[in-house]
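Data first, discussion second: the structure below is written as structure tokens.
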Amino acid sequence: MPIGNIIKKASSLILGDEKSSEKIDMVYEDNEMLFCKNNVCLHPPTVARKESDIVHYPGYLTCTTKTFIDQYNRAKRPTLLLTWIPNSSLCKCSHSNMEIRVNSEHKSSEGSGQGIRGDDENTADMQDLKNELQPLLGGQTAAIDNLAALLKKNPITSVNITISNPQIENTNIPQSYNCIVVDPDRESSDNGCQGQLNSDGSASDDNNPNWMTPELLAFKHNLVFPDSANATPTVRRKAVMKCRRFSVDLSQMRSLRLFFNDDKCTSGQLVIASRESQYKILHFHYGGLDHLAQVLHQWHCFLHNITLAPGQEKQNLPYRHFMVCRPEVKKSEMHPDEGNVKKITTNFFYGTLLNEKGQIEDDLLLRKCVFFGGLEKSLRKTVWPFLLKSYSFSSTFEDRALLMDIKRQEYQEITSKRFYSMSPEEQVHFWKTVQSVVEKDVVRTDRSNPFFCGDQNPNTEIMKNILLNYAVYNYNSGISYTQGMSDLLAPVLCEVQNESETFWCFVGLMQRAFFVCTPSDIDQTLSYLRELIRIMLPAFFAHLQQHEAMELLFCHRWLLLCFKREFTEAVVIRMWEACWSNYLTDYFHLFLCLAIIAVYADDVIAQNLRTDEMLLHFSSLAMYMDGQLILRKARGMLHQYRLLPKIPCTLSGLCKRCGPGMWDSEHRPALQCVGHMDDEKCTLAMD
Amino acid sequence: MSYAYLFKYIIIGDTGVGKSCLLLQFTDKRFQPVHDLTIGVEFGARMITIDGKQIKLQIWDTAGQEAFRSITRSYYRGAAGALLVYDITRRETFNHLTTWLEDARQHSNSNMVIMLIGNKSDLDSRREVKKEEGEAFAREHGLVFMETSARTAANVEEAFINTAKEIYEKIQEGVFDINNEANGIKIGPQASPTNPSLPGSGGAAGAANSGCC
């Protein structure tokens, strides 16, 4: 069965009426739980550069109907209550006797070998749990026996999503309840659990057969963050800060937005924005977001129906926005070569791209392959120096050996110049303006990368030498060290490793970086980006105009660090390589900016975010955006740009620098003057 | 979570004086000696209570953007408070205060409350700037002064909260026009005049009850 149908079926079963999903006039009970999902994570705001830096606070998410009675006109107002409860408060003894690790069969439970905690503690935990859940229960509780009896009459279907195999399947409660006790080794403790559940009493609403108690569900689902995924969360659990229970009336929120970040559209983030621009991001790492989308969609239809009933006005619709954002790039929006060009493998590189003398004859093919498919990791050390212009594509093995020798010597000369050729005054000045800052920064760069971690790491020392030497190398040109350079250097050093080779790669890298730009270069780049936004994303451009946000504050870090802090490292390196390939454009970084805006800025316009809110919006998306998708989208947008019949003269520079291949032989867009200020000259007139 | 006011702060000062650490200590109550260099702007937020009123502090920690210097001055725009930080163990960070202050005064609104912070007070043995010097500088330029330690958390709460108190007093005195968001103050959703016809404005029972920020 296609997944959509399964979801539909599952939701309709959950909603209690199999046919209701087809119609809009379904009936919701008050306090009905429409959705529940375990291991929905909150990530406390931390300085996270990499996935492993992110602290996960797994919790239990529920979505429950609620009817509020308006105090002014006594009108009933149905709404949804979204509640997230941290696992820590749900089930504190999870490590000892309640952990169920979900594997492909989602049936095996973990034997931790830990003793069972005392009953007293358990009771206290259960009381905590009950107190936490009280608002959800609507004040009504009942014993598990009642529920069991109910279950026999009315088999409840829940949607169970397994972790390793994120598919949605319908399971019956009695079965999945059984899965707690399947492990014979754990029988005794599980019985203990059950006993606990019985004696402590779970909650149930007699009047509502579809009501599932959170306790039961809590037991049913895996409550702890699985050890499999990098295992960092468990280590960090002791962190002082805690994410507390979070509960909101969704009708009070400004927007709800679902971002899917996997191809199957099951995992991603639910972003809730309150009217005062407070954001809550809930992470669905293990699927289930598609199901929530379905539930919300049905609820939306249901509400919509109410709102459109006679006598009521449309603006009473409590949900201002409910948007599902499936960041997909449609086939028609993609570059036609997308997917047809494979990653460069070692065999392809040495077998096809290099000739017997070691020259790369068809550098366009190499650049095209890097642009679309990237490089095998082991080739980075070999190919990056070409891309970063350490040596030319036409150089032979011999040429390169010779050149590297010369360059190594030159590097040594720079080092000795730094040590011995500066006057005492120069040294003092150098120490004050460069060295003291570099020394502080290298130990604050990519610390989570094992290559740089720890005190007295020799690689940190190499990074320092390269940066200091770079400042000496450029001493007379006025460029020295600028903060952020170390961020760009670190991944190169990590791959190339050899100090002198890394240095020369870094020199090439800085040629294309913002650090060595004059203010007017930066203005030029930003104005290109503005123009690209104007012609490619006019709605966003209008938004920027309205808020006088033309300085594009939110893009600055993207450009400065070439997206290093916006995406996880693996995908950032793909982006860098795509930029370095200079395929079709020298300004691929600007198309990456465009792609991010195209994919993730709908919300900015819909919620009419101001300049600072925009900055918040995009910085909260850092490390959570789908980089592969952005790459596809950027390549697609570059393709669209190249198809434009006319481009404004303000973007003429964007094409001028590009080598052959920017425009197809049969297509060359016309340049059109868009008008200028008095003190500006049209580039067309100057040429 | 509802609040009466939202104040925007910025943290400025030389690199490595402990800006991000101060922020982390204030928002998360922890000290992280090893962290990555701040580039651009990072945000922190915390609720505090002054005079029985909930106030949300939204703190902008900015650094490392020399390349965009001409533009990033707009970070000052709409800030109600600024923490100007130097490192008591490095004289030059104190010497640069004048430049920072000029920058701040030039690009912010004139009512912005500036708190001078001498950080790393736990490293007294390596002290290069006397407390009296900090006090004198603050007096001379009309700033509030405090020595803090992001490591031990000494005075960190006080630094942020005293700044907020000062802003709050200015609001009470009518110095700040709270309806002009360029002053870095926003009125919270609770205090703003609500429209009773808006759906759910009476339904406080289900109102936001958020845990973090």
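The values are calculated or read from the model by the stated rules, or taken from the named source; none is laboratory data. Since we're looking at a predicted model, the values are computed, not measured. Note that each Cβ is placed from the backbone with ideal geometry, even for glycine, and that neighbours are counted across all protein chains shown.
Quick notes on this one:
- Taken together, A:ALA549, A:ALA578, A:ALA539 contain a single residue that is surrounded by fewer than 22 Cβ atoms within 10 Å (Cβ to Cβ) and away from chain B (no Cβ under 14 Å), which is A:ALA539.
- Taken over segment B:32-66, the residue count meeting the criterion of being among the polar types (S, T, N, Q) and within 7 Å of chain A (Cβ to nearest Cβ) is 1.
- Annotation: A:GLY59 fulfils all but one of (1) within 11 Å of another protein chain (Cβ to nearest Cβ); (2) within 20 Å of A:HIS43 (Cα to Cα); (3) crowded, with 20+ Cβ neighbours inside 10 Å; (4) at pLDDT below 85; the unmet one is (4).
- Any hit, segment A:420-432, residues being closer than 18 Å to A:VAL496 by Cβ and buried (at least 16 other Cβ atoms within 10 Å of the Cβ): no
- Of all the residues in segment B:33-58, those that are of a type outside the set (Gly, Ala, Ser) and under 12 Å from the mean Cα position of the chain (by Cα) number 5.
- Test: residue in segment A:644-654 that is within 24 Å of B:GLY78 (Cα to Cα) and not acidic (Asp, Glu): no
- Residue count, segment B:6-17 (criterion: within 11 Å of chain A (Cβ to nearest Cβ) and either among the polar types (S, T, N, Q) or over 11 Å from the mean Cα position of the chain (by Cα) (or both)): 5
- Filtering segment A:586-643 to residues that are away from every other protein chain (no Cβ under 14 Å) and among the charged types (D, E, K, R) leaves A:ASP586, A:ASP602, A:ASP603, A:ASP626, A:ARG632, A:LYS633, A:ARG635, A:ARG642.
- Check on A:ILE414, more than 28 Å from A:SER581 (Cβ to Cβ) and part of a helix (DSSP H, G or I): yes
- 1 or more residues modelled with pLDDT of 90 or more and of a type in the set (Val, Ile, Thr): qualifying helices (runs of 4 or more DSSP H) within segment B:68-119: B:91-95, B:97-107
- Scan of segment B:32-53 for residues that are surrounded by fewer than 17 Cβ atoms within 10 Å (Cβ to Cβ) and in contact with a Gly (Cβ under 8 Å, 6 or more places away or on another chain), ordered by number: none
- Count of residues meeting criterion [assigned to a loop (DSSP other than H, G, I, E, B) and either at pLDDT 95 or above or within 12 Å of chain B (Cβ to nearest Cβ) (or both)] in segment A:435-486: 18
Residue-by-condition table, conditions (1) among the polar types (S, T, N, Q); (2) modelled with pLDDT under 95; (3) over 17 Å from B:GLY184 (Cβ atoms):
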site: B:LEU123; (1), (2), (3): no, no, yes
site: B:VAL129; (1), (2), (3): no, no, yes
site: B:GLU132; (1), (2), (3): no, no, yes
site: B:GLU135; (1), (2), (3): no, no, yes
site: B:ALA138; (1), (2), (3): no, no, yes
site: B:SER149; (1), (2), (3): yes, no, yes
site: B:ALA153; (1), (2), (3): no, no, yes
site: B:PHE160; (1), (2), (3): no, no, no
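- Taking the criterion of being within 14 Å of another protein chain (Cβ to nearest Cβ), assigned to a helix (DSSP H, G or I) and surrounded by 15 or more Cβ atoms within 10 Å (Cβ to Cβ), the residues of segment B:157-186 that qualify are B:GLU181, B:ASN183.
- Pair list, Cβ < 6 Å and 6+ apart or interchain, from segment A:347-374 residues that are at positive phi to residues that are in a helix (DSSP H, G or I): A:GLY358/A:PHE397; A:GLY374/A:ARG574; A:GLY374/A:GLU577
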